[in-house]
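The values are calculated or read from the model by the stated rules, or taken from the named source; none is laboratory data. Only a predicted model underlies this, so the values are computations on that prediction, with no experimental measurement involved. Note that each Cβ is placed from the backbone with ideal geometry, even for glycine, and that neighbours are counted across all protein chains shown.
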């Protein structure tokens, strides 16, 4: 760990507390000059580090910059050893983690980006990923008990975990539009994308990349016109450590559920948060659009719909447009 990283960890874990340069040098076992260089580097990255004569250095409690150290301090003890990497910009966090998976990286690798230049959603759509205001996270999983057809369960677990995380940090109620969109106050704030890699010999899942893109704050220049009517944010304005807390809350809650043995009741939680069941929907498939009523969600997280003709169908893929 570099001096900069060590200093950031020290200051993150003691926000609002002043440390003298001499005290920091002693704790980190470096020179005073090295401490000053690390402080300067962090300030250049945007960290608000106060310096007061006879008191020392202090990280402002109002700082909200994504960092591995910032996320790590909110993780549960059993997840503190996760490898969390925070990068300023990447084409796609899912693509990067998929590359790392192919290189043999272990389960738990988490890559978080401040912005994406080629973020993706379901069905190849682009995902708007502006800098500074969002959370773009991908987690590497190596499932041992999921069959390929059950992989959608991971998306459902992730959607529930994100709703719980959003509610924990913002106090706002969150709901789920089947199958992978999280809504707050009638607008989409998060999209989830899971991508699997299969073992050709066994036919089972070798790895899964779980990606979540969250609109944490309103973009500085607003959402593009095509998104302005449907996109929302978790917060209306910046909050102290908002992004780091949200990332850690999501990881804590998802991993608790993912690793838990047996039935942990995720499907009931998913149903309880559904914004679709009992509502009119439009089923888009093969270039056609058919009005229907969403009747329920089964144990495999498939959507049950009834068409105007009285015919019913179980949807395991495709696209549903919901009139909220």
Check: Hey, residue 242 hits all of (1) on the phi < 0 side of the Ramachandran plot; (2) more than 18 Å from the chain's Cα centre (by Cα) but one; which does it fall short on?
Finding: (2)
Next item on the list: Could you name every one of the strands (runs of 3 or more DSSP E) located completely within segment 1-99 that has at least 1 residues being surrounded by fewer than 12 Cβ atoms within 10 Å (Cβ to Cβ)?
Entry: 49-52
Next item on the list: Please indicate, with yes or no, whether at least one residue in segment 187-195 is crowded, with 18+ Cβ neighbours inside 10 Å, in contact with a strand residue (DSSP E or B) (Cβ under 8 Å, 6 or more places away or on another chain) and modelled with pLDDT of 95 or more.
Entry: yes
Item checked: Which listed residue, of 289, 294, 247, is buried (at least 16 other Cβ atoms within 10 Å of the Cβ) and outside the structural domain of residue 211 (by TED's automatic domain parsing) -> 294
Checklist line | Every pair of residues 6+ apart whose Cβ atoms lie under 6 Å, when the first sits in segment 19-43 and is without any contact (Cβ under 8 Å) to a residue 12 or more places away in the chain while the second is in a helix (DSSP H, G or I) and surrounded by fewer than 14 Cβ atoms within 10 Å (Cβ to Cβ) | finding: 25/32
Notebook entry, point to check: Quick check: is even one residue across segment 201-217 part of a loop (DSSP other than H, G, I, E, B), in contact with a strand residue (DSSP E or B) (Cβ under 9 Å, 6 or more places away or on another chain) and modelled with pLDDT of 90 or more?
Noted result: yes
Next item on the list: Could you grab me the full set of residues in segment 156-172 that are surrounded by fewer than 22 Cβ atoms within 10 Å (Cβ to Cβ) and in contact with a strand residue (DSSP E or B) (Cβ under 7 Å, 6 or more places away or on another chain)?
Entry: 167, 172
Notebook entry, point to check: Scanning for something at pLDDT below 95 and in a loop (DSSP other than H, G, I, E, B), does segment 240-257 turn up at least one residue?
Noted result: yes
